[in-house]
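Everything on this sheet refers to the single structure shown next.
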Amino acid sequence: RKWDALVVGGGHNGLTAAAYLARAGLAVAVLERRHVLGGAAVTEEIVPGFKFSRCSYLQSLLRPSVIKELELHKHGMKLLPRNPSSFTPSLDGSYLLMGPDAGLNHSEISKFSKKDADAYPRWYEQQLEKFSSFIAPLVDTVPPEVSSKASLTSHVSRLKVLAGIVNRSFGMSQADMVAFMELLLAPASRVLDNWFESDLLKATLATDAIIGTMGSVDTPGSGYVLLHHVMGETEGARGIWSYVQGGMGSISMAIAAAAKEAGATLVTNAKVCSFAFSFYLALFCQVTLEDGTHIEAKRVLSNATAATTFLKMVPSGVLREDFLNEISKIDYQSGTTKLNLAVSELPRFRACSGKGQEDPGPEHRGTIHLGADNMQDLLAAHKDACNGYSSTRPVIEMTIPSALDGTISPPGKHVINMFVQYTPYHLKDEGWEDPKTRESFANRCFDLVEEYAPGFKSSIIDFEMLAPPDLERIFGLTGGNVFHGAMSLDSLFLLRPVKGWSGYKTPLDGLYLCGSGAHPGGGVMAAAGRNAARVVLEELGKKLT
């Protein structure tokens, strides 16, 4: 069968693109190399009885338009908002608990600084919410890339995007514009130092600027990553992160259900090895699977990283050397390791008197920040990685989704996610393939948690550790980078994946990018998949529905 479109990679973006193309009447097939759909947004039972969000672990950035148009709630997606959303214990016995409740935030921050407690609402409203409102419309927008082959519709769309940016800019005062530019360009450390004085508050906020990256809080432009992590929403409430009942794979399964309902064919255990393109008489693309099967289509949308797509799947000699050189320079550094743990009981934090309890408390519901009482601790962890070593004192974001979701673990037992930094892909004196190296680092993380929650290590039933090479091997994340490439300012919007090719099209007619390596970047957004489908449909004179 010759398909109208083949989508390579069954991650959430690929499934989203397939759903919209199928809804427009195209014959679409998704080819996923693993045994399960979802890519990095997947739920797997690694330990019997325990279901893990194996890679991505929180939801906020999923586009409201996708939720509404694909009717994801009807297809089984249920979001579980977290309140409180953040818990940061200190080794001195104090703690900071924060969330969507303004009264709670003021009371908690006041324990450390009355000045900071008064400043925080202004920081959130005047900086994060206001500037998120400026950025958010661009997420659902196809970048206004200039092309001599662009259709009239594409030119009109480009003008609308540019007009929207200009109009929103005119709505800002000069002071707002200067503050916005500072947030985009300055290090997160400087931005936070200008607003706050409490070390624990700054360390808590700063983790959003570095999570998933190889940068530090002193890296210019790290303020944008902080903004990127707060511009999402849950059920209309901006900045609220949620768990997903059944794990993050439930998002992918809901999108897959919408795609199948529209007529898309979804295939697992179908690893694509190469593309071939013919321009004789009529354009067609041929995809070759690992088992030698050839599949033809009029167009191919790749949900793989740009490096995998252009440097591995496209035959040599097809693309220009200058383009390949640009692709080869994309920053795929990763400092992230994911630990998935099955535990027999909830952690008993010393800051909360260390009392045993069966029911989750406020400290268990949100993201638990461990390993950094101040920004100097974050910088020290980063310095280790710059020298080629995993952090002596890792920075840990711990979440316990079973605190709100009773469907993913046996009664009384819990699932714990630990997102850990910094762990370079290439270590100086050892390698992640060495069992002793892996065991040593895992124990280092568990020992650190033990400092805050005595008895934690004895509660571990089993665990899985995914270092950067594991994330690359299992999920196809080049370099182990969870964003499909760095989210620095030189890799966003018109510069993503590389300049001149930000609009999901590629130098090969009939080949498109639809994954997080394209605009707007990483996170479980589904925006890239939706935007790429829009580009394809516009070329066919069809509309996104």
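The values are calculated or read from the model by the stated rules, or taken from the named source; none is laboratory data. Quick caveat, the model's predicted, so the values are computed rather than measured. Please note: Cβ atoms are built from the backbone with ideal geometry, for glycine as well, and neighbour counts cover all protein chains shown. Calculation scope for accessible area: heavy atoms of the full protein, side chains included, ligands and nucleic acids excluded. Shrake-Rupley method; radii C 1.70, N 1.55, O 1.52, S 1.80 Å.
A few points about this structure:
- Listed residue (G239, P435, T204) projecting farthest to the positive dipole end of the chain, Cβ model: G239
- Coupling constants for the range 34-45 follow from the phi torsions by the Karplus curve (6.51 cos²θ - 1.76 cosθ + 1.60, θ = phi - 60°), and in residue order they are 8, 7, 9, 7, x, x, 7, 9, 9, 10, 9, 8 Hz; glycine and proline get x.
- FRET efficiency, 1/(1 + (r/R0)^6) with R0 30 Å, evaluated for F493 and F323 via beta carbons: 0.95
- Looking at the chain alone, DSSP beta bridges between its own residues are antiparallel in about 70 percent of cases.
- Order of exposure, largest accessible area first, which applies to V318, V272 with probe 1.4 Å: V318, V272
- 32 Å Cα-Cα threshold exceeded, pairs from K312/K428; K2/K543; K115/K428; K74/K271: K115/K428
- Given +1 at the Cβ of Lys and Arg, -1 at the Cβ of Asp and Glu and no other charges, the dipole of the chain around its Cα centre is 1620 debye to the nearest 20.
- Loop-located GluC sites (Glu not before Pro) in the range 407-448 whose Cβ has at most 12 other Cβ within 10 Å (DSSP): E433
- Where chymotrypsin sites (Phe, Trp or Tyr not before Pro) in DSSP loops with at most 11 other Cβ within 10 Å are excluded, longest remaining stretch of the chain: 1-278
- Among H106, H294, the order of accessible area from largest down is H294, H106, computed with a 1.4 Å probe on protein heavy atoms.
- For T234, the residues whose amide H sits under 5 Å from its own are G239, I240, ignoring neighbours fewer than 5 places away on the same chain, with H placed 1.01 Å from N.
- Normalised contact order of the chain, rounded percent, pairs of Cα under 8 Å and 6 or more residues apart: 24 percent
- For R82, the residues whose modelled amide H falls within less than 5 Å of its own, excluding neighbours fewer than 5 places apart on the same chain, are W241, Y243.
- Calculated [θ] (222 nm, deg cm²/dmol) that DSSP helices of n ≥ 4 give over the chain, each run adding -39,500 (n - 2.57): -10000 deg cm²/dmol
- Simple rule: put +1 on each Lys or Arg Cβ and -1 on each Asp or Glu Cβ in the chain, find the dipole, and look at V314, S56, V449; the Cα lying farthest toward the positive end is V314.
- Toward the positive end of the charge dipole of the range 90-232, with +1 on the Cβ of Lys and Arg and -1 on the Cβ of Asp and Glu, the farthest Cα among M177, P187, M214 is that of M177.
- Distance from the range 409-436 to the range 475-520 (C-alpha centre basis), Å: 27 Å
- Solvent-accessible area per residue, Å², over the chain with all protein chains present [probe radius 1.4 Å]: 39 Å²
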